[in-house]
1. Of the residues ALA434, ALA427, ALA385, ALA418, which single one is in a helix (DSSP H, G or I) and at pLDDT 50 or above?
2. Scan ALA319, ALA290, ALA280, ALA330 and give me the residue that is buried (at least 18 other Cβ atoms within 10 Å of the Cβ) and free of Cβ contacts under 8 Å to residues at least 24 places away in the same chain.
3. Of the residues LEU314, LEU346, which single one is more than 28 Å from ALA53 (Cα to Cα), in contact (Cβ under 8 Å) with a residue 40 or more places away in the chain, touching a Gly at 6+ places or on another chain (Cβ under 7 Å) and part of a helix (DSSP H, G or I)?
4. Looking only at region 8-51, how many residues end up being touching a Ser or Thr at 6+ places or on another chain (Cβ under 8 Å) and more than 14 Å from GLN148 (Cβ to Cβ)?
5. Looking at region 105-136, which of its residues are of a type in the set (Ser, Thr, Tyr), at pLDDT below 90 and either open to solvent by less than 30 Å² (accessible area, probe 1.4 Å) or in contact with a strand residue (DSSP E or B) (Cβ under 7 Å, 6 or more places away or on another chain) (or both)?
6. Return the residue satisfying two criteria in turn: it lies in region 212-237 and is open to solvent by less than 10 Å² (accessible area, probe 1.4 Å) and of a type in the set (Gly, Ala, Ser), and of such residues it is nearest to the chain's Cα centre (by Cα).
7. What single numbered condition from (1) at pLDDT 90 or above; (2) over 26 Å from ALA290 (Cβ atoms); (3) surrounded by 23 or more Cβ atoms within 10 Å (Cβ to Cβ) fails to hold for ALA325?
8. Restricting attention to region 354-381, which residues are closer than 24 Å to GLY66 by Cα and assigned to a helix (DSSP H, G or I)?
Amino acid sequence: MALLRSRFAYGYGRLWAATTASGVGDGTRTAALAVYAATLTHDPFAVALVAVAGKLPWTCVGPFAGALVDRLDRWRTLWICDVARALVTASLVLLILTGRADITVLAAVSFALTSITTLAENLSQAVVSDVVGDGSLESANSRLMGGQLLSSEFLGAPLGTALFALGHPLPFALDTLSFAVSAVLVCSVRLPGARPAPPGAGRLTARAVVSETAEGIRWLCRHRVLRTVCVLVGALNFAVVAVLGIAVLYALNVLHISQRAYGMLLVVLAVGGLAGVLLAPVVTRVLGRARTLQLAFALCPLSFLIAGTTSRPLLAAGALAFVGAAISLATVVTTSLRQALVPGALFGRVNGGYRFVVNGVSPLGGLAGGALAGAAGLRAPFLFAAALLAAATVTALLQLSPDALDAAGEDGRGERGAHATRTDEAAADERTEAAQRTQAPERT
């Protein structure tokens with residue numbers, strides 16, 4: 001923690017600890033939900049439906065959450081989100097104990113948790129700029145994601161399957177505790193300089209939220225580089241969720257491993273993700289953001305092809321570890337890219353629009369994976385993912401050149417400055433109007 005405080009500003013260490021703590025619960029819950037669904041039914045589509053329910057809020061809730069981020073006290077709302085998620089997981093524990101948990105309940109809980117997470121993750125990315133200090137955005141994001149990945153995949157995933165074997169409510173009880181710890185840590189952050197309330201923050205209406213959401217989406221659509229990145233990462237998410245939705249059935253029925261071994265398989269997969277997170281700052285410094293993104297997409301097609309054609313658990317896990325590395329590289333680079341290019345006052349709504357596309361296509365990927373597996377076998381989603389990401393790799397090589405990203409950086413700095421000027425002018429106008437109102441004689 002001392003190392004974190006030495007490079008980054010006050011509050012970063014607690015944000016990192018909160019993210020890591022909640023990651024333990026996330027890992028246990030995710031692994032346990034997949035195994036729980038597989039014990040309730042052997043229908044690939046029904047099992048995939050739980051994963052789809054966990055992605056659907058990014059389509060119907062995520063964009064509006066972005067507009068709220070630009071209006072609310074970000075740190076205060078972040079710990080409230082943790083409290084809300086703790087209440088949802090505690091409710092699931094009670095339903096399991098009373099024997100009322102079925103596929104519908106699992107899907108509903110997944111939907112509710114992700115609905116809150118759409119706001120919480122947007123907030124987490126928005127507050128990084130408050131505590132980055134002298135560190136780089138890549139380093140700050142890498143450490144946050146690295147801590148979350150370590151706790152979620154290396155500790156949480158195997159712990160989730162082990163606890164599930166001991167008692168079905170246990171992994172979800174741990175998830176509840178992890179959110180409570182995260183809430184306490186985030187609540188304890190008191191920044192010396194409070195973020196000023198944006199203009200109109202007090203007039204929160206449905207019409208205003210919809211209008212500002214549309215503003216963020218329009219800004220994103222006009223930015224050529226971020227628009228291209230958004231579509232390509234959306235394709236990556238679509239392919240990955242198509243595979244993950246049926247991954248537990250693939251592991252049990254094709255690789256012929258036990259439920260407990262499935263948790264260890266997730267650990268092997270996470271090795272690649274951790275490597276990508278830890279190496280992202282170094283790779284970005286050496287190759288630049290453009291080449292790093294191109295590398296991330298290039299790692300995927302062959303990896304999915306190998307995983308989809310083998311029956312050896314370690315070979316499949318080793319191949320998919322490269323996919324994990326690719327996802328981590330892409331996530332760190334694209335998150336830092338948005339933080340660098342999007343004006344701070346617009347970050348929430350633009351980020352909401354970006355995540356609407358990137359995560360909003362995930363339910364479609366889950367449905368496609370479940371349908372493909374049901375019609376053509378459990379290997380089909382892997383082969384489909386390989387073909388889709390081969391096309392994405394070619395597009396990245398053609399559209400995301402270093403020159404294109406450099407030009408986007410220059411345009412972004414100009415637009416950030418212009419937006420800041422417009423904000424200052426608006427504030428000056430408000431001060432002038434207030435002064436005039438003060439000086440005007442009272443009317444009776």
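1. ALA385
2. Working: ALA290 fails: free of Cβ contacts under 8 Å to residues at least 24 places away in the same chain; ALA280 fails: free of Cβ contacts under 8 Å to residues at least 24 places away in the same chain; ALA330 fails: free of Cβ contacts under 8 Å to residues at least 24 places away in the same chain.
The match here is ALA319.
3. LEU346
4. Total meeting the criteria: 8.
5. Of region 105-136, the ones of a type in the set (Ser, Thr, Tyr) are 110, 114-115, 117-118, 124, 129, 136.
So of that shortlist, the ones also at pLDDT below 90 come out as 114, 117-118, 124, 129, 136.
Hits for region 105-136 are THR114, THR117, THR118.
6. My answer is GLY234.
7. Evaluating ALA325 over (1) at pLDDT 90 or above; (2) over 26 Å from ALA290 (Cβ atoms); (3) surrounded by 23 or more Cβ atoms within 10 Å (Cβ to Cβ) leaves (2) as the failure.
8. If we filter region 354-381 for residues that are closer than 24 Å to GLY66 by Cα, which is where we start, we get 354-366.
Matches in region 354-381: TYR354, ARG355, PHE356, VAL357, VAL358, ASN359, GLY360, SER362, PRO363, LEU364, GLY365, GLY366.
The values are calculated or read from the model by the stated rules, or taken from the named source; none is laboratory data. Keep in mind that this is a model prediction, so the values were computed, not measured. A quick note on method: Cβ atoms are made from the backbone with ideal geometry, for glycine too, and the neighbour counts reach across all protein chains shown. Heavy atoms of the whole protein, side chains included, go into the accessibility calculation; ligands, DNA and RNA do not. Shrake-Rupley method; radii C 1.70, N 1.55, O 1.52, S 1.80 Å.
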